[in-house]
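Presented below is the structure to which this report refers.
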Amino acid sequence: MKQIFTTLFLSALLFTARTGYAQFDTVLRSDDQGKNLLKINVPAIAVNNFSIQYERAVGKKISAGLSFRFMPKSGLPLKSQLENLIDDDDTWDQIQDMKTSNFAFTPEVRFYFGKSIFRGFYVAPFAKIAHYTADLPDFEYDVDMSSNGMGTITETIPLSARLNTVTGGVLLGAQWKLSKVLYLDWWIFGPQYGWSKGHLTGTKDLNEYEQQALKEELEDLDIPLVDTKTEVDSKGARLDMDGPWAGLRAGINLGVRF
């Protein structure tokens, strides 16, 4: 009797699983076929960011996705607009020649509210792992040499920054079918919050006056919400950063279904 019951139970479970898959497969077949979307964030290209996303249907109105973003090392994007926004000449002089790069991975799960998968408004919880770099070729600091009768002199040191962040958030968006295989995906609003850790380093032979001046200049840097620790010796400087990190995810993507 027990063996018969076990056989019936397994048969029912297998039938239920096959039925569920058949319903999911039927939905896909009735909606152009193809469980996959490959997309690119079009506006991001204007600021030297290359962002692609792979999305796969895993349920009637549920999908899983993975985004990869890459920005090759280059000067500041939209440099002229940034110059107009920064009203402090000293700050602009420090950063105008900065070179920066970054990359990020963003896995997500989407829950659609449209009539079928890949269509309509959606909510997408996501996580984001990112790495940022920046190089400042000539970071300036003023050295008081009045005790030696030399007054104040301006020195420079090349600095390199590295920052890693881990954040989580929820993306609100909408996706439309433009043609048989072409889709438009609008990332409307995706706030995110998490943690960051990084450092700023520079290598240069420094005398005691230069060490003190550089330490004061680095400690005066206004980095909001982040704890910093500065160390300067005769070989250079290091500033460690540790604290919260927030951001906003947005974009317009064009994709192909297959």
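The values are calculated or read from the model by the stated rules, or taken from the named source; none is laboratory data. Predicted model, so just to flag it, every value in this text is computed and none were measured. Neighbour counts run over all protein chains shown; Cβ positions are idealised from the backbone, glycine included.
Observations, loosely collected:
- Condition met for Gln175 (in a strand (DSSP E or B) and of a type in the set (S, T, N, Q)): yes
- Residues satisfying the stated conditions in the range 178-220, i.e. of a type outside the set (A, V, I, L, M, F, W, C), assigned to a strand (DSSP E or B) and without any contact (Cβ under 8 Å) to a residue 60 or more places away in the chain: Pro191, Tyr193, Ser196, Lys197, His199, Thr201, Thr203
- Of the residues making up the range 141-184, those that are closer than 21 Å to Val232 by Cα and within 28 Å of the chain's Cα centre (by Cα) number 6.
- Given (1) in contact with a Lys or Arg (Cβ under 8 Å, 6 or more places away or on another chain); (2) farther than 23 Å from Phe126 by Cβ; (3) crowded, with 18+ Cβ neighbours inside 10 Å, index of the condition Pro158 fails: (3)
- Residues located in the range 196-210, provided they are touching an Asp or Glu at 6+ places or on another chain (Cβ under 7 Å) and closer than 14 Å to Glu140 by Cα: Glu210
- Residues in the range 233-258 that are hydrophobic (A, V, I, L, M, F, W, C) and within 30 Å of Tyr54 (Cα to Cα): Trp245, Ala246, Leu248, Ala250, Ile252, Leu254, Val256, Phe258.
- When Thr156 is tested against the conditions (1) part of a strand (DSSP E or B); (2) modelled with pLDDT of 95 or more; (3) farther than 30 Å from Lys35 by Cβ, the lone failure is (2).
- So Lys115, is it out of contact with any helix residue (DSSP H, G or I) (no Cβ under 7 Å at 6 or more places or on another chain) and under 24 Å from Pro244 (Cα atoms): no
- Condition check for Lys73: within 30 Å of Lys215 (Cα to Cα), at pLDDT below 95 and surrounded by 14 or more Cβ atoms within 10 Å (Cβ to Cβ): no
- The residue that is modelled with the highest pLDDT, counting only those in the range 127-153 that are farther than 16 Å from Glu208 by Cα and touching a Leu at 6+ places or on another chain (Cβ under 6 Å), is Tyr132.
- Hits in the range 199-253 (condition: surrounded by 14 or more Cβ atoms within 10 Å (Cβ to Cβ) and either of a type in the set (Ser, Thr, Tyr) or not assigned by TED's automatic domain parsing to the domain that holds Gly173 (or both)): Thr201, Tyr209, Thr228, Thr230
- Count - residues of the range 116-134 that are surrounded by 15 or more Cβ atoms within 10 Å (Cβ to Cβ), of a type outside the set (Gly, Ala, Ser) and part of a strand (DSSP E or B): 5
- Those residues of the range 40-81 which are hydroxyl-bearing (Ser, Thr, Tyr) and part of a strand (DSSP E or B), in sequence order: Ser51, Tyr54, Ser63, Ser67, Ser74
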